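To start, the structure under review is shown below, and the notes come after it.
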Amino acid sequence: MSDITGSLSDTILALLPELGLPVLGGTIMLASLGLPMAPGSLMVLVAGTLAAAGELPIVATALTALCAALLGDQLGYWLGRLLGARLLGGRLAARQGPTLERALALLSERGAMAVFLTRWLIAPLGPAMNLVAGAGGLPWLRFALADLAGELVWVSAYMGLGAAFAPFIPQIAQLSSDVTTLLAALAVALAAGLLLRRHRHHRQDRLR
């Protein structure tokens, strides 16, 4: 299953330079709904690089990423509101029980701040947080404001990080004539850097 997901992610990343904003928006919306084959964060990283290199319009790219993320989050919130208590006792809870439990515990402890943090700092909990925020009765306005603030941070940070790699694209391109390979290598390098940084912070927290 992981091989299939990885293959789909690579395919989606390769389509970004060719199809542009529709692929970016659709992928981010699906990622906000929790689909594992939708590499939302990697798409924003690569989009930031392409925008800085002049391959995508910067403002339109940022707005597309932001609006798609907000739309996916809103769909998740209202799905949770519709399902209510049934969400925590159904098939979805059985399959993603620990994730939903962590999201619910964080929501109970932090309220709307939990929504803000799971947009960018604890992003893997984002889709689950949308569901439990709706099911748990968090008022829509509080959810929407926290969601907007968090997604602004997410889009700005990831596009900015991707843009930082733009000056190195010509040098990298000389080593690879395959655009798909180039984008895949860039995405893996960026993701590896983020994972190493998170692991280092985790180790420092454990040593304190």
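The values are calculated or read from the model by the stated rules, or taken from the named source; none is laboratory data. Source: prediction; values computed, not measured. As a convention, Cβ positions derive from the backbone with ideal geometry for all residues, glycine included, and neighbour counts pool all protein chains shown. Accessible surface is based on the protein model in full, side chains and every heavy atom, while ligands, DNA and RNA are left aside. Shrake-Rupley method; radii C 1.70, N 1.55, O 1.52, S 1.80 Å.
Looking at segment 16-31, which of its residues are open to solvent by 20 Å² or more (accessible area, probe 1.4 Å) and touching a residue at least 40 places away in the same chain (Cβ under 8 Å)?
If the condition is that a residue be open to solvent by 20 Å² or more (accessible area, probe 1.4 Å) and touching a residue at least 40 places away in the same chain (Cβ under 8 Å), then P17, L21, G26, M29, L30, A31 are the ones that fit.
Among the residues of segment 135-152, write down those that are at pLDDT below 95 and in a helix (DSSP H, G or I).
Once the filter is applied, which keeps residues that are at pLDDT below 95 and in a helix (DSSP H, G or I), segment 135-152 yields only A135.
Which ones in segment 32-49 are open to solvent by less than 20 Å² (accessible area, probe 1.4 Å) and among the aliphatic types (A, V, I, L, M)?
Those that are open to solvent by less than 20 Å² (accessible area, probe 1.4 Å) and among the aliphatic types (A, V, I, L, M): A38, M43, V44, L45, V46, A47.
Quick one: which residue in V132, V188 is modelled with pLDDT of 90 or more and not basic (K, R)? Don't jump to the end; show me each part of the working.
Values: V188 fails: modelled with pLDDT of 90 or more.
Testing whether each residue is modelled with pLDDT of 90 or more and not basic (K, R) leaves just V132.
List the helices (runs of 4 or more DSSP H) inside segment 26-119, counting only whole elements, that have at least 2 residues being modelled with pLDDT under 90 and not charged (D, E, K, R). Explain how you work it out, then say what you get.
Details: elements: 40-52, 58-83, 91-95, 97-110.
By residue number, 40-52, 91-95, 97-110.
Condition first: open to solvent by less than 50 Å² (accessible area, probe 1.4 Å) and within 17 Å of V153 (Cα to Cα). Now tell me which residues in segment 50-63 satisfy that.
A60, T61, A62 - these are the residues of segment 50-63 that are open to solvent by less than 50 Å² (accessible area, probe 1.4 Å) and within 17 Å of V153 (Cα to Cα).
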